[in-house]
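Contents: one structure, followed by commentary.
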Amino acid sequence: MAAAGGARGRTSFQRRAGTGARPAALPGTRPALRHGQLLLSSGLPSLDCVLGGGIAVGTLLLIEEDKYGLYSNLLFKYFLAEGIVCGHDLFVASAKEHPDNILKELPAPLLDDTCGKELGDEAATVKSEDFQDSMKIAWRYQNLPKMEASPTPYTKFGHYYDISKKMSPELIQSIKWHSFYLHEEPSSLPKMKTCNMNGAYVRLLQSLQRIISQGGFDGSDPQKKQKNVLRIGIQGLGSPLWGDDICCSDTPEDVHSLTKFLYVLRGLLRKSLSACIITVPAHLIQFAIEKTKTYPMNINYLFHHIGCVFCFRVLQNKAIMERVTNLSDMVVGLESFIGSERETNPLYKDYHGLVHVHQIPRLNSLICDVSDTKDLAFRLKRKLFTIERLHLPPDLSDTVSRASKQDLAGSAKLLSSGCGAMAIGKKHLDF
């Protein structure tokens, strides 16, 4: 009876025994703490911090190129170099530079001890500069808390790279990579031509789909036990070199080719273990939009005095860029100081350009990981490229014009007088 009672009181719940070893994590990835999505490093830890921890697998990062394409090309190479160090497969597509030459120009990774030494040297340089500035700043500002320059927390995720050295060919050959050079691809008309898409974009999509299927990145090969991540890099998409005339013609032949390409590409990324970075010459597409800034009139004035064709192109290019942004998961723009007034402005002497974060993805959540600061800048140091918080130095000039002093005194007097000045007929304050 006791045995029966013991058996009667026993619960039916039983812990399922492990059927095997826990699957190994993919190299160079980590799960996000907020939404649990698998993250990759962009190759630049400060950019990972701005994007909410990294680039999620299955997403698209779009980089709006700077005017001369110098700094956006660095971000492109950082992304590819990180893939080689982590052992990921690469797919490099370009219509300007051969993918072989792009891989040869990748920066060399910094080892842990070398990285600590380089970062220590950079920190010592910044500290010495801060000490020199502290000799100039007034005593009442010295006790204020200092702003942390870099938005990057201390993390082991991602690697640092030395842009003054090139990656060794042995390290590049240790991984599997695929190339797509437009001028070497056959120009036969593909089957997808019925969708009114640019032929170069169709060939790129077909090549990319073939690599994803043959490599098993879409899960179509269940027998393949060793899984890996495919990093996709597309350079200069939307430029005339790809046969896209949206930035050089008033009446483009395929005005929706770029947006259709991004729509199909996003579908391929969502169902595969891959992540993509694309650089787009947005300054060429927005050329007509920038020209309207010289006219302080509305669109009706432009329509009647300049021409309907120009106005149509303004609205068309603006709509194209809005669709490109909506079809991308992350959009980051780089604004270089080269050739602008800020290049010689002493307030921006420590920086080489601004960083504009236009869009951050909402993954498994209603909100996105918003950075604690909106003002970001980048600068190219001796061996490193960093993204930092933009904080302008205080005005240390001792020479202030007498006219400006009188204007400030007059403004203060008017503000202190309040609304009483209106009662005696003066019109200093206009509500």
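Scanning region 156-190 for residues that are modelled with pLDDT under 90 and among the aromatic types (Phe, Trp, Tyr) yields a count of 1.
Of the residues making up region 330-356, those that are open to solvent by less than 50 Å² (accessible area, probe 1.4 Å) and within 22 Å of Ser41 (Cα to Cα) are Met330, Val331, Val332, Gly333, Leu334, Leu354, Val355.
Here is the figure for region 26-53: residues that are more than 22 Å from Lys271 (Cβ to Cβ) and either assigned to a helix (DSSP H, G or I) or open to solvent by 50 Å² or more (accessible area, probe 1.4 Å) (or both) total 8.
The set of residues from region 54-79 being of a type in the set (Gly, Ala, Ser) and assigned to a helix (DSSP H, G or I) comprises just one member, Ser72.
The values are calculated or read from the model by the stated rules, or taken from the named source; none is laboratory data. What you see is a predicted model, and the numbers here were worked out from it, not measured in a lab. Cβ sites come from the backbone with ideal geometry, for glycine too, and all protein chains shown count toward neighbours. Remember, those area values only see protein heavy atoms, side chains included, never the ligands or the DNA or RNA. Shrake-Rupley method; radii C 1.70, N 1.55, O 1.52, S 1.80 Å.
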